[in-house]
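Structure record follows, encoded as structure tokens.
The values are calculated or read from the model by the stated rules, or taken from the named source; none is laboratory data. The structure presented is a predicted model; accordingly, all values stated were derived computationally and were not measured. Ideal geometry is used to build each Cβ from the backbone, glycine not excepted, and the neighbour counts take in all protein chains shown. To get the accessible areas, we keep the full protein, side chains included, count just its heavy atoms, and leave off ligands, DNA and RNA. Shrake-Rupley method; radii C 1.70, N 1.55, O 1.52, S 1.80 Å.
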Amino acid sequence: MTAMTNDRNRWLLPAGIEELLPERAWPVEALRRRLIDHYARAGYELVIPPMVEFVDSLLIGLGEDLDLRTFKIIDQLTGRLMGLRADMTPQMARIDAHALAQEGVTRLCYLGSVLHTLPDGFAGSRSPMQVGVELFGHSGVSSDLEVIGLMLDTLRIAGVRNVVLDLGHVGLYRVFAAQAGFDEATEDTVFDLLRRKALPELDALLSSLGLPEYLAANLRLLARLNGGTAVLGAARERLSRPPEAVGAILDHLDELLRRLRERHADVRFNIDLAELHGYRYQTGTVFAAYVPGRGEEIARGGRYDEIGRVFGRARPATGFSADVRSLIELGEAVSAPGGGILAPDARGDAGLWSTILRLRDEGERVVCALPGEPASRHGCDRQLVLRDGHWQIIELK
């Protein structure tokens, strides 16, 4: 009985691992081409990193969460531990630091599958197709603007509508945590409560820490500073005795928001000053895109200036990533190639074969009928017929 069950189930794929059949594969490929072409026109160079690397480079900088999501195997040649990539961002940092090692600004784009040990994100997939860009070598508002703009362009090209952009900055909490003198455990606990917006627990913990009242009030307020674009003004008015660095961060967000609104009038913006995703490696502006009805972000990114330090190049860096298949599901679907020309078997007919090759070179889809094949249109809406000694295209009825 067990053998019969196994035989019947041999075709099953592991949970969360998907294959794309023609109906879905064509839209994904069409979107992939459009996105990579768009990034290239903005000056981004395409890189294709390997699926597997040694874990001591693959897991740098992104914390325990990435470690838990990474499948690991032993390299039979060296005995070293390798990982199947769960995120391509560390690979970009390695490529920037060593494979390219360029001076000045480096712009990279990528698209490829990643693998997760557990389902993550939209539709519970363990094999997202990650697309994104990374910009190294610049730390100002303009590079944040460029990368966020490309993320919004990505959603527009995919046909995703009604986008809400969540904008934050992990530096605010870093400033207040340092001012409070938190040890690592306390910093982690307060961080977790802020991230979850667990306000009663946060209030109780802050009351027990013996902090100066103005500082405890600032941390409490940080969790409540989220909403429309007026949040930045409210932060300036309500934060008590903020260090100079806080003003610089708010200035940065003010300018970034103003320039984003000028360029992306169709996007709704939300400010969340306790948005701390990627806190362990992000160093500045963080951002995520949402659509109504979806609780999880559909694209995300931020600044992570220190990620290349382990490779000897702690350059400024910012980027974003998204899952192509999720974008297809959420956007206006790109259809599979439609129509085409059905040609008869070209055996011994040089003129017919020459016509078929010419039409394909011109971009037409031409399907050749095989000898003995049952009659089928193969999705074609036209056919090649011989009339007056010439091969002509007519409509299929």
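Structure data summary
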| quantity | calculated |
| --- | --- |
| Members of segment 290-306 found to be of a type in the set (A, V, I, L, M) and surrounded by fewer than 23 Cβ atoms within 10 Å (Cβ to Cβ), listed by number | V291 |
| Residue in segment 282-289 that is among the hydrophobic types (A, V, I, L, M, F, W, C), touching a helix residue (DSSP H, G or I) at 6+ places or on another chain (Cβ under 7 Å), closer than 27 Å to Y39 by Cβ and surrounded by fewer than 20 Cβ atoms within 10 Å (Cβ to Cβ) present | no |
| Those residues of segment 16-31 which are open to solvent by less than 80 Å² (accessible area, probe 1.4 Å), assigned to a loop (DSSP other than H, G, I, E, B) and either in contact with a helix residue (DSSP H, G or I) (Cβ under 7 Å, 6 or more places away or on another chain) or not β-branched (V, I, T) (or both), in sequence order | G16, E18, L20 |
| Residue within segment 347-363 that is open to solvent by less than 80 Å² (accessible area, probe 1.4 Å), touching a strand residue (DSSP E or B) at 6+ places or on another chain (Cβ under 7 Å) and assigned to a loop (DSSP other than H, G, I, E, B) present | no |
| Scope segment 386-397; condition farther than 15 Å from R347 by Cα and either aromatic (F, W, Y) or surrounded by 11 or more Cβ atoms within 10 Å (Cβ to Cβ) (or both); matching residues | Q392, I393, I394, L396 |
| Pick from segment 86-104, criterion open to solvent by 20 Å² or more (accessible area, probe 1.4 Å) and assigned to a loop (DSSP other than H, G, I, E, B), ranking: modelled with the lowest pLDDT | A101 |
| Check on R315, buried (at least 17 other Cβ atoms within 10 Å of the Cβ), basic (K, R) and either farther than 30 Å from L211 by Cα or in contact (Cβ under 8 Å) with a residue 40 or more places away in the chain (or both) | yes |
| Those residues of segment 206-234 which are open to solvent by 30 Å² or more (accessible area, probe 1.4 Å) and on the phi > 0 side of the Ramachandran plot, in sequence order | G210 |
| Test: residue in segment 249-268 that is among the small types (G, A, S) and assigned to a helix (DSSP H, G or I) | no |
| Conditions (1) open to solvent by less than 50 Å² (accessible area, probe 1.4 Å); (2) over 23 Å from R294 (Cα atoms); (3) basic (K, R); number of the one not met by R107 | (1) |
| Residue under evaluation A248, criteria (1) open to solvent by 50 Å² or more (accessible area, probe 1.4 Å); (2) touching a Gly at 6+ places or on another chain (Cβ under 6 Å), criterion not met | (2) |
| Filter result for the condition that a residue is among the hydroxyl-bearing types (S, T, Y), out of contact with any Ser or Thr (no Cβ under 6 Å at 6 or more places or on another chain) and surrounded by fewer than 18 Cβ atoms within 10 Å (Cβ to Cβ), over S376, S326 | S376 |
| Test for E237: is it out of contact with any Ser or Thr (no Cβ under 8 Å at 6 or more places or on another chain), within 30 Å of E329 (Cα to Cα), assigned to a helix (DSSP H, G or I) and open to solvent by 20 Å² or more (accessible area, probe 1.4 Å) | no |
| Failed item, numbered, when R263 is tested on (1) in contact (Cβ under 8 Å) with a residue 40 or more places away in the chain; (2) surrounded by 15 or more Cβ atoms within 10 Å (Cβ to Cβ); (3) within 21 Å of S139 (Cα to Cα) | (2) |
